[in-house]
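**Q** Would you mind keeping the following structure in view while I ask a few things?
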Amino acid sequence: MDPTSHDSGDRAALEEVIRTELGADATERFLDLIRPSVGFSPCADSPGAGSTIGGPPRTPASFEWPRYGGQPMVLLAQVDCGQMARLLGEEWTFPDDGHLLFFHDDEFTAELDFALGDDGCRVVHVPARPDGSPHEGDGPALPALPLEARALLSLPYWGSAEADRAADGDTLALSNLGMALYDVLPAPRHRLLGWCDSSDTPAPKGHRPLLQLEAEDGTDWFEVVNVSFWIRDEDLRAGELGHVRRSYEVA
């Protein structure tokens with residue numbers, strides 16, 4: 001499959017499953033929760049460009065590496081903006097060239113403070129380099145892991161507050177729906193936008209997931225098993241990255 005093909009899954013099959021498991025009113029409420037997203041999975045062959053976990057940064061030589069506590073942050077992921085624009089169309093509100101770079105404090109010691117702000121993470125857009133080559137920056141990066149990207153629909157997991165409200169508290173119906181959706185709504189290893197895929201990840205109030213990353217072989221996150229970056233709805237609509245929060249789950 002072309003990793004940049006516009007394949008969001010079988011919406012008709014998704015709707016049929018939801019209508020089978022839920023009543024008419026609950027079905028309509030649940031369908032209103034569908035969000036577009038991009039699912040990522042590791043791939044053996046590097047596409048040269050594309051999205052990656054880690055890797056040498058694709059930045060201009062003048063790029064100023066983000067720091068926390070005076071130390072360079074670690075580059076966790078690079079998202080290819082052109083690739084996302086092709087997959088998401090008008091749902092993609094950021095530039096359609098270059099990359100979004102996702103940084104985190106290297107030692108995972110920055111305090112999580114959803115209310116007052118978050119200086120332990122940074123997400124920045126960098127334009128495409130004229131020669132298309134990466135630039136070795138002055139901060140740490142994980143070994144490059146190329147990612148295959150696929151447009152996917154996303155729904156809140158069946159135990160979430162949003163799903164509970166949509167189903168009017170019918171937990172048995174939601175449990176049955178979660179099992180029925182398994183074959184028509186694949187859960188990617190990593191996800192851009194959409195809903196949070198983990199019931200154990202603390203969610204910053206008023207934010208939605210921007211990028212969710214699971215730990216992979218070769219990453220060094222200590223006891224952290226996933227890291228997520230969160231954005232406000234109004235910032236997503238405006239393509240604004242200055243108020244991103246992060247969260248993570250510890251084993």
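The values are calculated or read from the model by the stated rules, or taken from the named source; none is laboratory data. This structure is a prediction, so every number in the text was calculated from the model and none was measured. All Cβ positions, even for glycine, are placed from backbone atoms using ideal geometry, and neighbour counts span all protein chains on display. Remember, those area values only see protein heavy atoms, side chains included, never the ligands or the DNA or RNA. Shrake-Rupley method; radii C 1.70, N 1.55, O 1.52, S 1.80 Å.
**Q** Is region 170-180 home to any residue that is open to solvent by 40 Å² or more (accessible area, probe 1.4 Å) and touching a helix residue (DSSP H, G or I) at 6+ places or on another chain (Cβ under 6 Å)?
**A** yes
**Q** Does Ser51 satisfy the criteria of being among the hydroxyl-bearing types (Ser, Thr, Tyr) and at pLDDT 80 or above?
**A** When the stated conditions are applied, Ser51 passes them.
**Q** When the residues of region 235-251 are filtered to those that are under 11 Å from Arg122 (Cβ atoms) and among the aliphatic types (A, V, I, L, M), which remaining residue is most open to solvent (accessible area, probe 1.4 Å)?
**A** Ranking the qualifying residues of region 235-251, first place goes to Leu241.
**Q** Which residues, counting only those in region 188-207, are under 16 Å from Ala161 (Cβ atoms) and either open to solvent by 40 Å² or more (accessible area, probe 1.4 Å) or modelled with pLDDT under 90 (or both)?
**A** Asp197, Ser198, Ser199, Asp200, Thr201, Pro202, Ala203, Pro204, Lys205, Gly206 - these are the residues of region 188-207 that are under 16 Å from Ala161 (Cβ atoms) and either open to solvent by 40 Å² or more (accessible area, probe 1.4 Å) or modelled with pLDDT under 90 (or both).
**Q** Let me ask another. Being under 30 Å from Asn176 (Cα atoms) and part of a loop (DSSP other than H, G, I, E, B), is that true of even one residue in region 72-82? Show your work before the answer.
**A** Keep residues of region 72-82 that are under 30 Å from Asn176 (Cα atoms), which gives none.
No; the residues of region 72-82 include none that is under 30 Å from Asn176 (Cα atoms) and part of a loop (DSSP other than H, G, I, E, B).
**Q** Going through region 95-111 one residue at a time, which ones are assigned to a loop (DSSP other than H, G, I, E, B) and either surrounded by fewer than 20 Cβ atoms within 10 Å (Cβ to Cβ) or within 14 Å of the chain's Cα centre (by Cα) (or both)?
**A** Pro95, Asp96, Asp97, Asp106, Glu107, Phe108, Thr109, Ala110, Glu111
**Q** Of everything in region 1-44 that's surrounded by 17 or more Cβ atoms within 10 Å (Cβ to Cβ) and hydroxyl-bearing (Ser, Thr, Tyr), which residue is modelled with the highest pLDDT?
**A** Ser37
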